[in-house]
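Asks: First the structure, then my questions, so here it is.
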Amino acid sequence: MGTNQTPIHNRARLNWSAGVTLAALHIAAIVALFYFQWRYLAIAAVLHWVATGLGISMGYHRLHTHRSYRVPKALEYFFAVCGTLTLQGGPIFWTATHRLHHQKSDQPGDPHSPVDGAWWSHMGWVVFSERNSTENKMVSRYAPDLSKDRFYLWLNVYHWVPLAVLSVLLLVLGGMPLVLWAIALRIVFGLHSTWLVNSATHMWGGRRFATRDDSRNVWWVALLTFGEGWHNNHHAHPTSARHGLAWYEFDPSWIQIRILKFFGVAKAIRVVSVNTAFSEREAA
């Protein structure tokens, strides 16, 4: 490997705040299992849909990063707030990181590629991070659109506020066991589900399209992430709001976007024609 292709993890330093926070969350998630109640599980599941489904899949990813569709600004802001509940950072940083990933996917400079190691692509890139020194430069280059919005600028800095407010509310309503389930366990599950898109879907699964990277379609990751596991489809057609292109490729986020379209809420929806996509596959 050439000097200009040194694995990112060889240059990164331990991000103590991220490491300690993640360790504490994992411990709390294990403790939560000793306080199981069906209502805790139900609340955690609903919040997982709100945070990861609406916030990450429909919000941070398909709306804010790729502009696959358009909704009223108030709903766009709501999706962004939902995204902060996952503890994956603010909308500007998340968007810039993902756009960088698409530009350099599985190449030198990709922030989370299995080329640099499976563990690195899954969570090492978060624990060992150059974020403090590179975030401002990356944001200005890869997310200039969101950086012009004062609400996103505020939310990117204070992305911890909605989660803190939710935690206090849950503590008041249900005590510490509910917080353990609806915050700690739910966040840990959501993080690993999302990280599997960075790791598993660049290592295992089928490839419908001959993309320049190692992206793959993994059905079980799609089930965990509201359709994000159809990753090879997505890398072949990044701006398409639809990731599951075949009838058997379950894509809950696409279904929800179609529902919003039916009620006239979602507009300017970008979607690759299924026939076009399969014709491209045959040509390849």
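Laboratory data are not the source of any read-out in this text; all were calculated from the coordinates shown. Remember, predicted model here, so these are calculated numbers, not experimental data. Reconstructed Cβ throughout: ideal geometry from the backbone, glycine too, with neighbour counts over all protein chains shown.
Asks: So, by mean Cβ neighbours within 10 angstrom, what's the order for 170-183, 36-49, 58-71 with the highest one leading?
Replies: 58-71, 170-183, 36-49
Asks: Label residue 268 and residue 104 with points 7 Å out from Cα along Cα→Cβ: what is the distance between them in nm?
Replies: Placing both labels 7 Å along Cα→Cβ, they lie 2.9 nm apart.
Asks: Please tell me the relative contact order of the chain in percent, rounded to the nearest whole number, where contacts are Cα pairs under 8 Å and at least six residues apart. Walk me through the intermediate numbers first.
Replies: On the way: 415 pairs, mean separation 66.0, N = 284.
Reported relative contact order: 23 percent.
Asks: Residue by residue through region 229-246, what is 3J(HN,Hα) from phi via Karplus (6.51 cos²θ - 1.76 cosθ + 1.60, θ = phi - 60°)? Round to whole Hz and write x for glycine and proline.
Replies: Along region 229-246, the couplings run x, 7, 7, 5, 4, 5, 5, 6, 9, x, 8, 6, 6, 9, 9, x, 8, 9 Hz.
Asks: Would you mind calculating the gained length between residue 189 and residue 70 on full extension (0.36 nm times residue separation, minus the Cα-Cα distance), in nm to one decimal?
Replies: Contour length minus the Cα-Cα distance gives 40.0 nm.
Asks: Among 225-238, 144-157, how do they line up from the highest to the lowest mean number of other beta-carbon atoms within 10 Å?
Replies: Details: 225-238: 25.7, 144-157: 15.5.
Highest mean packing first, the order is 225-238, 144-157.
Asks: Here is a follow-up. If the chain between residue 27 and residue 260 were fully stretched, how many nm would it gain, using 0.36 nm times the residue separation less the Cα-Cα distance?
Replies: 80.1 nm
Asks: Using a Förster radius of 51 Å, what is the FRET efficiency between residue 246 and residue 13 based on their Cβ-Cβ separation? Nearest 0.05, please. Walk me through the intermediate numbers first.
Replies: Details: r = 43 Å, r/R0 = 0.85.
That gives a FRET efficiency of 0.70.
Asks: Given springs between every Cα pair under 10 Å in a Gaussian network model of the chain, which of 28, 164, 143 has the largest fluctuation?
Replies: 164
Asks: On to the next question. Zone of residue 153 (label point 7 Å along Cα→Cβ, backbone N under 18 Å): which residues in region 70-92?
Replies: Within reach of a label on residue 153: 77, 90-92.
Asks: Can you give the local net charge around residue 114? Use residues other than it whose beta-carbon is closer than 12 angstrom to its beta-carbon, Lys and Arg +1, Asp and Glu -1.
Replies: Neighbour charge sum, excluding residue 114 itself: -4.
Asks: Now, a different point. Consider all pairwise Cα distances in the chain and report the whole-number % of them above 29 Å.
Replies: Summing the P(r) tail past 29 Å for the chain gives 33 percent.
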